[in-house]
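The values are calculated or read from the model by the stated rules, or taken from the named source; none is laboratory data. All values derive from a computational prediction rather than experimental measurement. Heads up, the Cβs are rebuilt from the backbone with ideal geometry, glycines too, and the neighbour counts pull from every protein chain shown.
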Amino acid sequence: MKKEEVFKKIRITMTKKLSKLNILLTNDDGIYSEGIKALCDSLSQIGNVTIVAPDAERSAVGHAITLSDPLRVKEVKRNGKFFGYATTGTPADCVKLAIRAILKKKPDIVISGINLGPNTGYSVLYSGTVSGATEGAILGIPSFAISLATFENPDYAFAADFAKKLTKIILDNNGLPQGTLLNVNIPAVDSKRIMGVKIVRQSKVAIKERFDKREDPRKRTYYWLTGEIVESDGQKDADIEAIRNNYISITPIHCDLTNYDFVKTLKKWKV
């Protein structure tokens with residue numbers, strides 16, 4: 001067999017393999033966000049996409065799940081065509097519900113995003129987007145969260161294309177370790193200015209928070225949480241610094257929160 005025919009056969013085999021992929025998408029910005037639509041358009045080129053996402057924004061809900069109320073689901077159309085399932089739940093609810101009740105077959109990968117704004121530093125702990133991917137990892141499915149590092153005039157095209165590329169890489173490498181997911185952040189710059197990809201740690205930086213004290217028309221006091229995003233902790237091997245220098249940051253994170261370095265010390269306390 002000629003070399004050209006061999007490569008052609010490989011391409012056909014890969015195309016068939018990819019077309020059988022079952023991809024689950026969710027987010028915390030809600031099913032009507034442009035980020036999840038861009039992700040759907042890109043991932044539909046390589047697999048069968050199912051969307052199960054909140055019916056409205058659920059940002060910063062962390063890994064909350066709904067226990068005291070029923071989860072309602074409705075089908076959503078965009079441009080007259082079926083787009084996905086909207087739920088009254090959180091991102092973690094969406095993934096759990098999709099896998100346990102809606103889907104007939106377990107997805108090959110779970111992708112959460114594309115989030116409007118970065119998920120770096122300690123904000124990862126609050127992020128509904130990251131928690132959507134975390135739920136996928138808990139359920140034994142390769143998962144990643146992807147965010148675009150801007151809150152203004154987002155262009156999701158490059159991030160959506162990168163998500164497609166990363167999906168192929170993850171599955172070509174037989175997935176991810178049990179309980180591990182990837183947190184991906186894309187700089188909000190022209191694709192020509194992207195310097196590359198950096199595998200980095202999570203920054204040890206939190207938002208500088210404050211509460212604005214306000215008064216409603218009935219003279220009742222209320223508080224509104226606000227704050228400023230810290231640009232960097234100065235560490236070159238961390239997510240914020242990578243994005244600041246126009247690198248795509250990828251951080252492997254996992255569900256096990258145990259501080260193993262402190263276990264021996266804690267045992268000596270004889271609690």
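Restricting the search to segment 236-271, which residues are surrounded by 10 or more Cβ atoms within 10 Å (Cβ to Cβ) and among the polar types (S, T, N, Q)? Listed by number, the residues that qualify are ASN245, ASN246, SER249, THR251. For segment 121-157, give me each residue that is surrounded by fewer than 20 Cβ atoms within 10 Å (Cβ to Cβ) and among the aromatic types (Phe, Trp, Tyr). The answer is TYR122, TYR126, PHE151. Among the residues making up segment 85-100, those that are surrounded by fewer than 24 Cβ atoms within 10 Å (Cβ to Cβ) and of a type outside the set (Val, Ile, Thr) are TYR85, ALA86, LYS96, LEU97, ARG100. Is it true that some residue in segment 201-223 is closer than 30 Å to GLN45 by Cβ and under 17 Å from the mean Cα position of the chain (by Cα)? Checked against the condition, which is being closer than 30 Å to GLN45 by Cβ and under 17 Å from the mean Cα position of the chain (by Cα), segment 201-223 yields no hits at all.
Among the conditions (1) in contact (Cβ under 8 Å) with a residue 12 or more places away in the chain; (2) exposed (fewer than 11 other Cβ atoms within 10 Å of the Cβ); (3) not in a loop (DSSP other than H, G, I, E, B), the only one that PRO177 does not satisfy is (3).
Criterion applied to PHE151, PHE158, PHE162 was being assigned to a helix (DSSP H, G or I) and free of Cβ contacts under 8 Å to residues at least 60 places away in the same chain, and the one residue passing it is PHE158.
The condition of being out of contact with any Asp or Glu (no Cβ under 6 Å at 6 or more places or on another chain) and closer than 18 Å to ASP41 by Cβ holds for ILE146.
A Cβ distance below 9 Å, combined with a sequence gap of six or more or placement on separate chains, defines the contacts here; from segment 210-237, residues that are at pLDDT 85 or above reach residues that are loosely packed, with under 10 Cβ neighbours inside 10 Å and among the aromatic types (Phe, Trp, Tyr) in the pairs PHE211/TRP224; ASP212/TRP224; LYS213/TRP224; ARG214/TRP224.
Kindly provide the set of residues from segment 35-61 that are small (Gly, Ala, Ser) and buried (at least 17 other Cβ atoms within 10 Å of the Cβ), ordered by number. Outline the logic, then answer.
Initially, segment 35-61 is screened for residues small (Gly, Ala, Ser), giving 35, 38, 42, 44, 47, 53, 56, 59-60.
Result: GLY35, ALA38, SER42, GLY47, ALA53, SER59.
Suppose we keep only residues that are surrounded by 15 or more Cβ atoms within 10 Å (Cβ to Cβ) and either touching a Leu at 6+ places or on another chain (Cβ under 7 Å) or among the polar types (S, T, N, Q) (or both) within segment 62-72. Which one would you say is farthest from THR134 (Cα to Cα)? The extreme case among them is LEU71.
Candidates are the residues of segment 237-271 that are among the charged types (D, E, K, R) and in a loop (DSSP other than H, G, I, E, B); the one that is nearest to ALA149 (Cα to Cα) is ASP237. Taken over segment 52-110, the criterion of being of a type in the set (Lys, Arg) and touching a residue at least 40 places away in the same chain (Cβ under 8 Å) is satisfied by ARG58, ARG78, LYS96, LYS105, LYS106. Of all residues in segment 186-204, one or more are touching a residue at least 24 places away in the same chain (Cβ under 8 Å), touching a Gly at 6+ places or on another chain (Cβ under 7 Å), surrounded by 12 or more Cβ atoms within 10 Å (Cβ to Cβ) and part of a loop (DSSP other than H, G, I, E, B).
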